[in-house]
Amino acid sequence: MLKYNKNNKQNARSLRKNMTDAERVVWSRIRRKQLLGVQFYRQKSIADFIVDFYAPSIKLVIEIDGSQHYEQEHLLRDKQRDSALTKLGLRVFRYDNRQVLTQTDDVIESIFQVVSSNFENTE
């Protein structure tokens, strides 16, 4: 079981209430077990982080990044964050807001491929 940081609870709630447009688009396509019956959670606290979307059954994290994530400081922080999450046994996939909003079907297809590859590896 992954470590839960109760100090992130209020911030996670706030992030759920104030999702970006790109996060809303992805959430509308992955919620309610729409992808191969896999349950996703949004703005989930894991260790010291809050991840955008998390599917515990397949240990998958999906991050939707705004333009600030391409600044040097954020790139380094994201790399460290991804490394920490990977050490917890999670796979992290990142998409940027523009990609989600302009190529929605491609992004969802990419997520679908990641989810379905998990089932192929377990058979």
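The values are calculated or read from the model by the stated rules, or taken from the named source; none is laboratory data. Small disclaimer: the values here were computed from a predicted structure and weren't measured. Reconstructed Cβ throughout: ideal geometry from the backbone, glycine too, with neighbour counts over all protein chains shown.
So the values come out like this:
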| quantity | calculated |
| --- | --- |
| Residue check, THR102 hydroxyl-bearing (Ser, Thr, Tyr), modelled with pLDDT of 95 or more, within 29 Å of LYS6 (Cβ to Cβ) and out of contact with any Ser or Thr (no Cβ under 6 Å at 6 or more places or on another chain) | no |
| From the options ASP21, ASP52, residue that is of a type in the set (D, E, K, R) and either buried (at least 16 other Cβ atoms within 10 Å of the Cβ) or in contact with a Pro (Cβ under 7 Å, 6 or more places away or on another chain) (or both) | ASP52 |
| Test: residue in the range 64-77 that is modelled with pLDDT of 95 or more, touching a helix residue (DSSP H, G or I) at 6+ places or on another chain (Cβ under 9 Å) and either surrounded by 16 or more Cβ atoms within 10 Å (Cβ to Cβ) or not β-branched (Val, Ile, Thr) (or both) | yes |
| One residue from SER117, SER28 being at pLDDT below 95 and of a type in the set (Ser, Thr, Tyr) | SER117 |
| ARG42 vs. criteria touching a Ser or Thr at 6+ places or on another chain (Cβ under 8 Å) and surrounded by 13 or more Cβ atoms within 10 Å (Cβ to Cβ) | no |
| Lone unmet requirement of (1) touching a Lys or Arg at 6+ places or on another chain (Cβ under 8 Å); (2) surrounded by 15 or more Cβ atoms within 10 Å (Cβ to Cβ) for LEU85 | (1) |
